[in-house]
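Any read-out appearing in this document is the output of simple, stated calculations on the displayed coordinates, not a laboratory observation. Please read these numbers as outputs of a predicted model, since none were measured by experiment. Positions of Cβ are backbone-derived with ideal geometry, glycine not excepted, and every protein chain shown enters the neighbour counts.
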Amino acid sequence: MYLLLDIGGTNLRMAISRTGRRVDDCVIVNRPSDFKKGVLAIKTIADELSGGKKYEAVCCGIAGILDPKKTKLIYSPHIKGWINKPLKKELEKVLNTKVFLENDADLGGLGEAVYGAGRDKRIVAYIAIGTGIGGTRIIDKKIDANSIGFEPGHMIICAGKKSYLPPYNLGEWEGLVSGAALEKRYGMKSKLIKKKAAWDYAIKYLVYGLHDVVRLWSPELIVLGGGLMDNPNMKVSKIASQLSKYFIIKYHHSPIIRKAKLGDKAGLYGALQYLKDK
């Protein structure tokens, strides 16, 4: 039996896999801002899910940059209370089993590439637009090799333009498009924003970043996930149409774009696949 964790900018998602073939018994709660309270919450839910049985292994995705040995979070604008805390060590202590840490977007992309919207393609770019923006490239159902991880949300796509998240002067992608950025700009949760101009703005800058993703990663398919893509204003057809205008050279074409299929469970399915690969 495996334990699967997804520690996001807003929520903590947990599930088990009894057989190694599917995700079972998913639980979603608000993520504690305090690290110790977070570990305690994970322990409590893990015990409830296991029914007292021991886990074979645990895979945990978290929103941010990990240290080279993947033992702790070293940067995250949305989970500041967990930075430089011994996450792997503490989880192995309270759960009494081996724990693997990975970036949450890497696991979300892996889940979609193996079980979801990208299962029929070899080269998949996954972009998650939620509290922030994360993303990864999946090649042949594996997270692509990298030295410091993939962080497309921190691409500077409009140098000199005011971002709505720190650092304010750089024009970072997630500082213009993410749920947190829209909330900062309009003074309300993104799901409450009704202005058409606000969503036209979001799509415009989303497309700018996707253009760079295509040029750098050359994917067959882009899968768009994250909470912001659940808003009815974020239509995949409109995003694809606007993106295609930037690819007018013969043999250079915009890739297929699909909405993620696994929803909140993408990272959990990725964690399952990660453990199966191990």
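For A128, the residues whose amide H sits under 5 Å from its own are G134, G135, G225, ignoring neighbours fewer than 5 places away on the same chain, with H placed 1.01 Å from N.
Quick check on my link table: of K204/K245; K54/K276; K43/K80; K37/K88; K141/K235, which ones sit more than 19 Å apart, alpha carbon to alpha carbon?
Too far apart for the 19 Å limit: K43/K80; K141/K235.
Region 50-79 and region 145-163 have Cα centres spaced 22 Å apart. The structure-derived value of Rg and Dmax of the Cα atoms in Å appears in the list (i) 21.8, 88; (ii) 18.1, 56; (iii) 18.3, 60 under the label (iii). Relative to the longest principal axis of the Cα atoms of the chain, helix 266-277 runs at roughly 60 degrees. Considering only L40, N84, C60, the residue lying farthest towards the positive end of the dipole of region 2-102 is N84, judged by Cα position with unit charges set on Cβ.
According to the Kirkwood relation over distinct C-alpha pairs, the hydrodynamic radius of region 184-262 is 13.6 Å. The Cα-based radius of gyration and maximum Cα-Cα distance (Dmax) for region 117-260 are 14.7, 44 Å. Here is the P(r) of region 2-102: all C-alpha pair distances, binned every 10 Å from 0, give 16, 54, 28, 3 in whole percents. Projecting the Cα atoms of G227, F247, S237 onto the charge dipole of region 214-278 (Cβ charges, centred on the Cα centre) puts F247 farthest toward the positive pole. Cβ-Cβ distance of D34 and Y246, R₀ of 51 Å, FRET efficiency by 1/(1 + (r/R0)^6): the value works out to about 0.70.
Using just the helices of the chain, give the 222 nm mean residue ellipticity in deg cm²/dmol: DSSP H runs with n ≥ 4 each add -39,500 (n - 2.57), and the total is spread over all residues, rounded to 500. Here the helix-only value at 222 nm equals -10000 deg cm²/dmol.
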